[in-house]
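Asks: I have a structure here, written as structure tokens, and I will follow up with some questions on it.
Each value in this text was obtained by applying a stated rule to the coordinates, not by laboratory testing. The structure presented is a predicted model; accordingly, all values stated were derived computationally and were not measured. So basically every Cβ, Gly included, is an ideal-geometry build from the backbone, and we count neighbours across all protein chains shown.
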Amino acid sequence: MTTHPTDRDSAIACLHAGLPAPERETPFGVPPVFASTYHLQGDPSGAVFPYGRDANPTWIALEEALGALEGGEAVLFPSGMAAAAAALTSLLQSGDRVLLPQDGYHAVRYYAESFLARFGVVVDKRPTRGLEDSDLRGYRLVWVETPCNPGLDLCDIAAVAEKVHRAGGLLVCDNTTMTPLGQRCLDLGADLVVASDTKAVNGHSDLLMGHVAARDPALLAGLRKWRKLSGSIVGPMEAWLCHRGLQTLELRFERMCRSAQAVAERFAGHSKLEALRYPGLPDDPGHALAKRQMARFGSLVSLTFSDQERALDFEARLGLIFKATSFGGTHSSIDWRYRWDDTAHPGLLRLSLGCEPTEALLDDLEQAFGGL
Ligand SMILES: *Cc1c(COP(=O)(O)O)cnc(C)c1O
């Protein structure tokens, strides 16, 4: 695997970015600042903190950290979907065409089809795999999610960016499954990165959070204006907790990806499975591309059984691994995706490897397979 050029800087950024300068007898971090209102008299132009809907010191600390990790500037939103809605809604207008992954996170498609279509935005969908080889002309915005959730197919971000830009469009990359430690979408040519920090970035399954990152000041200004006027803002306590979670992202993600690789290697080709997908397997269709554009292979493995009954029987036999939706947390979990998204294979389970000892996870999966 190619070494991520900024691996070490990113690991340090998780711990140090966004912290105030070390001053004697002050805390390391920015504590949660609970304020709707700030002292402010006269002309407010140039004020960083005019009102609680504009800015908050606790958000800014986390935004600085996420911006350092993304290689751009980050704008926080109260969930991944709030971040996705901000990117889509602040950029698109009536008559625009948007291209979404048909195998990506289902709520992004539902949002676009339920709300944007009503305002005259044309919504098209295509599969993630091979997107770089398709005709991408005519789109104001192309949205990719790679590896896509839950199928774990990949597309070539740099190649898609090149085509989209040549046609005058913008590229948005939902990087939730990889985090900026696993993939730096802005470096690969994306104009915007959208992420649900509810997943591995916060990592403790106790809050929702999201961000959009970009480099272009006009795009960033549009996102901040959307946040202020739509009121889609983050609570200071959540921002503080998420920043606390971020400190250990590198440590957690390392273990999670290592366990995912071990699980994939142990169970690929298992007689009770139809398919197992993990970009870290040398014969996975996405492997060569993953080696080029990702710094790690991720913490998700998709297991496909012949049908729904088999999948649910397998799930029910797991002991250590929780049955729950969402992923990226310290606790390993598994989710039967068909219950949320009827475009998923009915026998597909998305397995999220957490921080438990790898051997214990392998044992739990082994005994569940053994019982089938
Ligand atoms: C979870 C998820 C989202 C939505 O994030 P929330 O924080 O749940 O709103 C968006 N994209 C992907 C790929 C996700 O996995």
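Asks: Ratio of alpha-carbon Rg to the 2.2 N^0.38 Å globular estimate for region 77-150, to two decimals, please. List each step's numbers first, then the result.
Replies: Details: Rg = 11.9 Å, N = 74, 2.2 N^0.38 = 11.3 Å.
After normalising by residue count via 2.2 N^0.38 Å, the value is 1.05.
Asks: While we're on this one: How do 136-142, 79-85, 319-325 rank on mean C-beta neighbours within 10 Å, highest first? Please report the intermediate quantities before stating the final value.
Replies: Details: 136-142: 19.1, 79-85: 23.4, 319-325: 14.7.
The densest-packed peptide leads the list: 79-85, 136-142, 319-325.
Asks: In degrees, nearest 10, range 0 to 90: what is the angle between the Cα axis of helix 236-246 and the longest Cα principal axis of the chain?
Replies: Long axis of 236-246 versus the principal axis of the chain: about 50 degrees.
Asks: Can you pull a Stokes-Einstein diffusion coefficient for the chain at 10 °C (1.306 mPa s), Rh from Kirkwood over Cα pairs, as a whole number of µm²/s? The partial results should precede the final answer.
Replies: Numbers: Rh = 21.2 Å.
Estimated diffusion coefficient is 75 µm²/s.
Asks: Quick one: angle between helix 7-16 and the longest Cα principal axis of the chain, in degrees between 0 and 90, rounded to 10, please.
Replies: 50 degrees
Asks: May I pose another question? Show that you can apply the helix-only estimate: for the chain, add -39,500 (n - 2.57) for every DSSP H stretch of four or more residues, divide by all residues, and state [θ] at 222 nm to the nearest 500. Mind showing how you got there, number by number?
Replies: Numbers: 12 runs with 131 residues, N = 372.
So the calculated ellipticity at 222 nm is -10500 deg cm²/dmol.
Asks: Show me the three semi-axes of the equivalent ellipsoid for region 129-244, from the C-alpha gyration tensor (sqrt of 5 times each eigenvalue), largest first, rounded to whole Å. Mind showing how you got there, number by number?
Replies: Working: eigenvalues 141, 68, 22 Å².
Listed largest to smallest, the semi-axes of region 129-244 are 27, 18, 10 Å.
Asks: Using only Cα atoms, what Kirkwood radius does region 191-248 have, in angstroms? Write down the numbers at each step before the final one.
Replies: Working: mean 1/r = 0.0812 Å⁻¹.
For region 191-248, inverting the mean 1/r across all distinct Cα pairs yields 12.3 Å.
Asks: Bin width 10 Å, origin at 0, all Cα-Cα pairs of region 1-105: what percent of pairs per bin?
Replies: Going out from 0 Å in 10 Å bins, region 1-105 shows 11, 28, 33, 20, 7, 1 percent.
Asks: If the only charges are +1 at each Lys and Arg Cβ and -1 at each Asp and Glu Cβ, what is the size of the charge dipole of region 22-105 around the Cα centre, to the nearest 20 debye?
Replies: Details: 3 positive and 10 negative charges, 43 e Å.
Computed charge dipole of region 22-105: roughly 200 debye.
Asks: OK, next. Please compute the contact order of the chain in relative form: average sequence separation of alpha-carbon pairs under 8 Å and at least six residues apart, divided by the residue count, as a percent.
Replies: Values: 773 pairs, mean separation 62.0, N = 372.
So the answer I get is 17 percent.
Asks: When only alpha-carbon atoms count, how far does region 221-372 stretch along each of its three principal axes, as whole angstroms with the largest first?
Replies: 53, 31, 30
Asks: Treating region 139-206 as a set of equal point scatterers at the Cα positions, no solvent, please give the Debye-formula log₁₀ I(q)/I(0) at q = 0.16, 0.18, 0.24, 0.28 Å⁻¹.
Replies: Each listed q maps to, in turn, -0.52, -0.64, -1.01, -1.24.
Asks: Quick one: 3J(HN,Hα) in Hz for region 214-221, Karplus 6.51/-1.76/1.60 with θ = phi - 60°, rounded, Gly and Pro as x.
Replies: Values, residue by residue: 7, 10, 6, x, 5, 5, 5, 5 Hz.
Asks: Name the long-range amide H neighbours of residue 144: under 5 Å, sequence gap of 5 or more, or other chain; modelled H, no Pro or chain starts.
Replies: 172, 173, 174
Asks: Which value does Rg/Rh take for region 75-205 over its C-alpha atoms, Rh per Kirkwood? Provide the component values of the computation, followed by the final result.
Replies: Working: Rg = 13.6 Å, Rh = 14.6 Å.
Reported Rg/Rh (Cα atoms, Kirkwood Rh): 0.93.
Asks: By how many degrees, 0 to 90 and rounded to 10, does the Cα axis of helix 249-267 deviate from the longest principal axis of the chain?
Replies: Taking the Cα atoms of the chain, the angle to 249-267 is about 20 degrees.
Asks: Strictly under 4.7 angstrom between C-beta atoms: which cysteines of the chain have no such partner?
Replies: 14, 148, 155, 242, 257, 355
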